[in-house]
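This report concerns only the one structure given below.
The values are calculated or read from the model by the stated rules, or taken from the named source; none is laboratory data. Remember, it's a predicted structure, so these values are computed and weren't measured experimentally. Glycine gets a Cβ as well: all are built from the backbone with ideal geometry, and neighbour counts include every protein chain shown.
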Amino acid sequence: MNHLAPIAIFTYIRLRKLKKIINSLKKNRISTKSEIFIFSDGAKNKFDLNKVNRVRKYLKTINGFKKKNLIFRKKNLGNGDNIINGVTEVLKKNKKIIVVEDDLEIKIGFLTFMNACLNKYYLDKKVWHVGAWNFDLNKRGDYDIFFSKIMNCWGWGTWANRWIFFKKNPDMFIKYFDRFPAKKKIFNLNNRINYYNQLKRNKNKTINTWAVFWYAQIFKNNGLCISPNLSLVNNNGFDKDSTHSHPNFFLNNIYKTNISNKKSFKLPDKVIEDYNCYNVTENFFKKKINYITKFQNLIHKFIKKFIA
């Protein structure tokens, strides 16, 4: 399992940001030995068609990787289904995968970190997910990672024998959390982020996402996720082209994080869940979501009501 994981990149119309993620990947020294799969979603409408074509023209010029695979969707699948189908396709022929989207910027140690974790914990079935982003918790310890049920999907990886359990089934997960309200509270990070509501909104078809279902399946099966103490990824996706976020949304400040330039990482041999991470996260949210952000939320809702 010590060979390098293939990298799946998902993109739509954000050419400038796509170029950034490709360039930042190439700054990782092992990128030249890595195979990439790039999934370009089809256009939603005639207005987006030119943007999609410009993205695809650029994709054909990319070099610097061991092997390049371009997958041009004929129809618009949407970000969620594009990722679900793409990850499934890659893992049919590979045992592991690294996943990035076009709105991410990664640091020089990202690929080293991901491959180190994917190789080290392949045989430990308690670990389902490797994430390279985390809230800016200022967490410290003897190692560069910790294990918890908290799943973050901005730069992530997994294994084929875990991904086979992925299910996009809102009814199943809603029933599960309705039966166990105490678990629902923990799933919602002590009710700081309403992931449960995302399940309901997917059921009602007001949103169409994928990550909350992966998180729910991991949580339901008592699986663990790897999180870095310091993020190796930055999300640049809070703009007008983002499907499920708004550039001025008041909670965006919780996602701003310092990025590490580390190139080597200390990983523990034993997989032990860090239960204290919930308290650390709780304190982080209390600090970030104060009366100022709540006031900003009211202004945001007021503006949204009248713009709509």
Can you confirm whether segment 124-131 contains a residue that is within 24 Å of residue 271 (Cβ to Cβ), in a loop (DSSP other than H, G, I, E, B) and within 19 Å of the chain's Cα centre (by Cα)?
-> no
Hey, can you tell me all the residues within segment 137-169 that are β-branched (Val, Ile, Thr) and surrounded by fewer than 18 Cβ atoms within 10 Å (Cβ to Cβ)?
-> 164
Yes/no for residue 141 being among the small types (Gly, Ala, Ser) and in contact with a Ser or Thr (Cβ under 7 Å, 6 or more places away or on another chain) = no
Matching residues in segment 141-177 - criterion: being of a type in the set (D, E, K, R), part of a loop (DSSP other than H, G, I, E, B), more than 21 Å from residue 96 (Cβ to Cβ) and touching a helix residue (DSSP H, G or I) at 6+ places or on another chain (Cβ under 9 Å) | 168
Could you count how many residues in segment 91-126 are more than 20 Å from residue 210 (Cβ to Cβ), in contact with a strand residue (DSSP E or B) (Cβ under 7 Å, 6 or more places away or on another chain) and either β-branched (Val, Ile, Thr) or free of Cβ contacts under 8 Å to residues at least 24 places away in the same chain (or both)?
-> 1
Which condition number in (1) surrounded by fewer than 22 Cβ atoms within 10 Å (Cβ to Cβ); (2) free of Cβ contacts under 8 Å to residues at least 40 places away in the same chain is the one that residue 84 fails?
-> (2)
Does any residue of segment 210-221 turn out to be within 28 Å of residue 288 (Cβ to Cβ) and modelled with pLDDT under 95?
-> no
Within segment 178-207, track down each residue that is aromatic (Phe, Trp, Tyr) and assigned to a helix (DSSP H, G or I).
-> 187, 195, 196
If you check residue 96 against the conditions, is it more than 21 Å from the chain's Cα centre (by Cα) and either at pLDDT 95 or above or farther than 21 Å from residue 159 by Cβ (or both)?
-> no
Scan segment 180-192 and report the pairs whose first residue is under 17 Å from residue 218 (Cα atoms) and at pLDDT 95 or above and whose second residue is aliphatic (A, V, I, L, M) and part of a loop (DSSP other than H, G, I, E, B), with Cβ atoms within less than 9 Å and a gap of 6+ or a chain change.
-> none
Flag if residue 83 is outside any helix (DSSP H, G or I), touching a strand residue (DSSP E or B) at 6+ places or on another chain (Cβ under 7 Å), modelled with pLDDT of 95 or more and β-branched (Val, Ile, Thr) | no
Among 257, 281, 243, which is in a helix (DSSP H, G or I), modelled with pLDDT under 90 and among the hydroxyl-bearing types (Ser, Thr, Tyr)?
-> 281
Could you tell me whether any residue of segment 141-152 is in contact with a Phe, Trp or Tyr (Cβ under 7 Å, 6 or more places away or on another chain), within 19 Å of residue 270 (Cα to Cα) and among the small types (Gly, Ala, Ser)?
-> no
Among the candidates 116, 132, which residue alone is among the hydrophobic types (A, V, I, L, M, F, W, C) and within 30 Å of residue 286 (Cβ to Cβ)?
-> 132
